[in-house]
Amino acid sequence: MWTLLLSLALAADPLPDLTPGSITADSPRGKLGDRLGWGDGADLILLYGGEQAGRVGPCGCEDHPIGGLPRTAGYRAALAKANPGVPLLLLNPGHFYSARTGDTVALAEHALYANTWMHAGLDAGGWDALNVTCRDVPGSAVEGLPEGALSTNLRLEGLPTHRLVESGGLSVAVLGVATACLDYLQPEGLTVLDPLEAVAALAPTLEADLVVVLASDLSGRVEDLARLDGVDVVLEAGEYAGRYDPFEVDGTLWLRSLRETQRLKELRLQLSEGRVSAARDRTITLDDKVPDDRALKKLLAEPLSLEARAR
């Protein structure tokens, strides 16, 4: 199947070369082969999306549902085939678990069910790093932490402050920050540090080719976060729905993911002398032109059918 997908991708024209000093954005349409980016000289690809809030399947209108963990994994696999030898990471800025409460101050039964499947789906989907936010901590206390979980400013037993991912000869350090938590939903032992102070203390000490910070709900503080020493890329989640062009802040890239990951973001980077020299940020709509990962769809068959009936 993937050999066929690769041939379809390479039948389309490659992307224009990444021009040093440029930052561009596009939203490709059409068949899968027309959406897959390749051939532009990218040194590293970051796929990013979060805010699933416990939903493992597609959402949107009944006739054309978009998004979902199986399509995210399907696109990642096809993109990797089209870009052999190029390191590719899948990152989540946070709010992957549901934090809905019931009649009491506790997670609702539906949230507990959704988080069980989200945990399984994230682990099977091979996410490289996931930012644990205050809305994820209650679910983590029940379901445990998914593989790749981290937080730089939320200190909880067993939760790393960062992840160092080695791929294709590159080392990428991934940090994650979120806003303060509501005490009544949080487990004992949680310590919340100031997000910027936590990153400022850690980022300059890391030996990596690239330092990426995942940020959730930081509102007006993201630009200050991007100005910190040692930070190369900031990927922000904040319930964004529209299209936002990339920002550049003193040489640091600042980009925004889209809520619920109905549209997956693809950041193609060219690196030079330890810095980002060119970037292309792409928005990939996860509609029926993108194939599901069959194994993941089979694993999640029960919750996927329940979500379809809920629409």
Sole exception among (1) free of Cβ contacts under 8 Å to residues at least 60 places away in the same chain; (2) not in a loop (DSSP other than H, G, I, E, B); (3) not hydrophobic (A, V, I, L, M, F, W, C) for THR24, by number = (1)
In the stretch 272-285, which residue that is over 14 Å from the mean Cα position of the chain (by Cα) and crowded, with 17+ Cβ neighbours inside 10 Å is farthest from LEU36 (Cα to Cα)?
-> VAL276
Of residues in the stretch 170-196 being surrounded by fewer than 16 Cβ atoms within 10 Å (Cβ to Cβ) and touching a residue at least 40 places away in the same chain (Cβ under 8 Å), the one farthest from the chain's Cα centre (by Cα) = TYR184
Filter the stretch 70-108 down to residues that are of a type in the set (S, T, N, Q) and either under 30 Å from ALA12 (Cβ atoms) or in contact (Cβ under 8 Å) with a residue 24 or more places away in the chain (or both) and give me whichever is surrounded by the fewest Cβ atoms within 10 Å (Cβ to Cβ).
-> THR101
Please name all residue pairs, on different chains or six or more residues apart, with Cβ atoms under 7 Å, provided the first residue is in the stretch 109-124 and is of a type outside the set (D, E, K, R) and the second residue is in a helix (DSSP H, G or I) and crowded, with 22+ Cβ neighbours inside 10 Å.
-> ASN115/GLY139; GLY121/LEU69; GLY121/LEU296; ALA124/LEU296
Only one of (1) assigned to a loop (DSSP other than H, G, I, E, B); (2) closer than 19 Å to ASP232 by Cβ; (3) within 22 Å of the chain's Cα centre (by Cα) fails for VAL165. Which number is that?
-> (1)
Picked from the stretch 272-311 (must be of a type in the set (Asp, Glu) and not in a loop (DSSP other than H, G, I, E, B)), the residue modelled with the highest pLDDT is ASP281
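The values are calculated or read from the model by the stated rules, or taken from the named source; none is laboratory data. All values derive from a computational prediction rather than experimental measurement. Reconstructed Cβ throughout: ideal geometry from the backbone, glycine too, with neighbour counts over all protein chains shown.
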